[in-house]
Amino acid sequence: MTNVRVLTGIKPSGTPHLGNYVGAIRPTVRASREPGIDSFLFLADYHALISTHDPQRVQRSTLEIAATWIACGLDPSRVTFYRQSDIPEILELTWLLACVCGKGLLNRAHAYKAAVDKNVAEGRDADDGVSMGLFMYPVLMAADILMFNAHRVPVGRDQIQHIEMARDLASSFNHLYGEHFTLPEAVIDEHVATLPGLDGRKMSKSYDNVIPLFAPREQLRRLIMGIVTDSRAPGEPKDTDGSALFQIYQAFGTAEETATLARDFAAGIAWSEAKERLFERIDREIAPMRATYDELMAHPERVEALLRAGAAKARAVATPFSARLRAAVGLRSLDDLGAAVGSGPATAKAALPVFKQYREGDGHFYFKLTDAKGHVLLQSVGFESPKAAGQAIARLKADGWGNCPDLHPLINAVAPPERIEAALATLRRA
Ligand code: TRP
């Protein structure tokens, strides 16, 4: 049985905070260590270009995010960890998918619709400030997923529609060109903790209430001392319900440690002491990762080497798959045209004799030569490989039937030799 392929993209933007760590990084790293899973994790840097035109920022974020994930325990030897832009096949697939994607499908994408609605509400042109990158974003995301035939894609709720679109595009493509793509499923983790921030609301950059994941120890302490609490004095019992401090502690402490803190809340622990305990508890988990992070940030070349190794692993899948997809849509070498007809509209060739290659249930590769009217002239026996069959055809075309006596045991002449020679001569001139 093959492993389940799980794939997630991380948009490199902004500095990761404790909320990202608890809600996304830590659970994803843990999941990537489970047996029976092939995990694909990538830095979505093509996506980053949609929201920023600052080259330094793109590069810097890529380093920060890669270093963060590795420092948090992502093991590049078990996970395929790569940078999207190292896999040019993804862009090629984006185009193939764009050509089976109705524009109307993208008109309905939430992110695009939100931009349009806002423009219209504010009296601007509907597409004001909308780049084709933003509009095409779901197609790029579908290519990310379908390139590796991921079974499962863990995402936030806001991304479900994009996974649905990836399924739609995969189905359209499969319908037109054969079964190439696995239909991916979105996986929504209902249990992920959303961490409160300094002010008690959800920790988020947009509320400016975040604790950076790798803040230096002293800054971490200072920030934690600033978490909002009520005004109960030392000795007064305190509520765990609705306490941001308690909730954050819970995301780091064991069940036992958390129970102890709950008892101490009831017994009237001073807020300053509770904060000190929270600080030490978080720092105990983060400090070793912070050391690794600082080390990696000081050595970008190590991160680069890891990403390149990841790209090589990813391309070992992407390059051959891409070749298969190109052939499927008709981006093919012209070399095989002479021999293999039998797919696609053939009206223009109707007036010519034709070699037809095909495979039988016995697994062998056959061909026949028919004349312009469709009468069979030659019928081969079964060859071991399509290549061997193709070579025989090439020799017949080049040299004629009479000049290839060694092929006669492998090919039955169904018509008189002169008709066979005439058909081959026609093909040679064609
Ligand atoms: N769009 C995702 C986000 O904003 C990131 C992403 C890009 C992604 N490509 C992906 C997620 C493929 C899952 C699969 O969070």
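The values are calculated or read from the model by the stated rules, or taken from the named source; none is laboratory data. The shown structure was predicted, so the numbers you read here are calculated from the model rather than taken from an experiment. Positions of Cβ are generated from backbone atoms using ideal geometry, with glycine treated the same way; all protein chains shown enter the neighbour counts. When the accessible area is computed, the model is the full protein with side chains, heavy atoms only, and any ligands, DNA or RNA have been set aside. Shrake-Rupley method; radii C 1.70, N 1.55, O 1.52, S 1.80 Å.
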Exercise. At what distance in angstrom do the alpha carbon centres of region 176-224 and region 382-430 lie from each other?
Worked result: 66
For this session: Extending each Cα 7 Å along its Cβ direction at Ala121 and Gln161, get the distance between those two points in nm, one decimal.
Result: 1.4
Exercise. If contacts are Cα pairs under 8 angstrom and at least 6 residues apart, what is the relative contact order of region 44-140 in percent?
Worked result: 31
Exercise. Which residues in region 41-77 place their backbone N less than 20 Å from a point set 7 Å from the Cα of Val187 along the Cα-to-Cβ direction?
Worked result: 41-44, 69-70, 72-77
Problem set entry | Percent RCO, i.e. relative contact order, over region 15-84, from Cα pairs under 8 Å lying at least 6 residues apart | 51
For this session: Could you please put Lys387, Lys313 in sequence from largest to smallest accessible area, using a 1.4 Å probe?
Result: Lys387, Lys313
For this session: In whole Hz, with x marking every Gly and Pro, tabulate ³J(HN,Hα) for region 212-222 from phi via Karplus 6.51 cos²θ - 1.76 cosθ + 1.60, θ = phi - 60°.
Result: x, 4, 10, 4, x, 3, 5, 5, 4, 4, 4
For this session: Among the listed pairs Lys103/Lys313; Lys103/Lys202; Lys103/Lys205; Lys356/Lys387, give every one whose C-alpha distance is greater than 24 Å.
Result: Lys103/Lys313; Lys103/Lys202; Lys103/Lys205
Exercise. Probe 1.4 Å, all protein chains in place: accessible area of Thr194 in Å², nearest 10?
Worked result: 90
For this session: Measure nothing but the geometry: give the 0 to 90° angle between the long axis through the Cα atoms of 160-177 and the longest principal axis through the Cα atoms of the chain, rounded to 10°.
Result: 10
Exercise. When the Cα atoms of the chain are enclosed in a convex hull and the volume is divided per residue, what value in Å³ results?
Worked result: 193
Problem set entry | Accessible area, probe 1.4 Å, largest first, for residues Ser322, Ser51, Ser231 | Ser231, Ser51, Ser322
Exercise. For region 214-296, what does the alpha-carbon gyration tensor say about shape, rounded, prolate or oblate, given a ≥ b ≥ c as the root eigenvalues, a/c under 1.5 as rounded, and a/b over b/c as prolate?
Worked result: prolate
Problem set entry | Contact order relative to length of region 214-296, as percent, for alpha carbon pairs under 8 angstrom and 6 or more apart | 40
Exercise. Shape of region 70-164 from its Cα gyration tensor (a ≥ b ≥ c, root eigenvalues): rounded if a/c is under 1.5, otherwise prolate when a/b > b/c, or oblate?
Worked result: prolate
Seminar exercise, completed: Counting only protein heavy atoms and leaving out ligands, DNA and RNA, the solvent-accessible surface of Trp271 at a 1.4 Å probe, in Å² to the nearest 10, equals 30
Exercise. To the nearest 500 deg cm²/dmol, what mean residue ellipticity at 222 nm is calculated for the chain from DSSP H runs of n ≥ 4 alone, each contributing -39,500 (n - 2.57), summed and divided by the residues?
Worked result: -15500 deg cm²/dmol
For this session: Please work out the FRET efficiency for the pair Ala422 and Tyr358, using the Cβ-Cβ distance as r and a Förster radius of 25 Å; give the result to the nearest 0.05.
Result: 0.60
Exercise. Among all the aspartates and glutamates, which ones have a C-alpha under 15 Å from Lys275's C-alpha, if same-chain residues fewer than 8 places away are not counted?
Worked result: Asp199, Glu218, Asp230, Asp239, Glu257, Asp264, Asp283
Exercise. Between Ala323 and Asn403, what FRET efficiency comes out of the Förster formula 1/(1 + (r/R0)^6) with R0 = 60 Å and r the beta carbon distance, rounded to 0.05?
Worked result: 0.95
Exercise. Which value, in Å² rounded to 10, gives the accessible area of Arg308 with a 1.4 Å probe and all protein chains present?
Worked result: 150
For this session: Roll a 1.4 angstrom probe over the protein heavy atoms and tell me the percent of accessible area of region 214-296 that is carbon or sulfur.
Result: 52
Exercise. For Gln391 and Ala287 in the same chain, what is the full-extension length gain: residue separation times 0.36 nm, less their Cα-Cα distance, in nm?
Worked result: 30.9 nm
For this session: Could you compute the FRET efficiency for Ser206 and Gln379, with r as their C-beta to C-beta distance and R0 at 60 Å, rounded to 0.05?
Result: 0.25
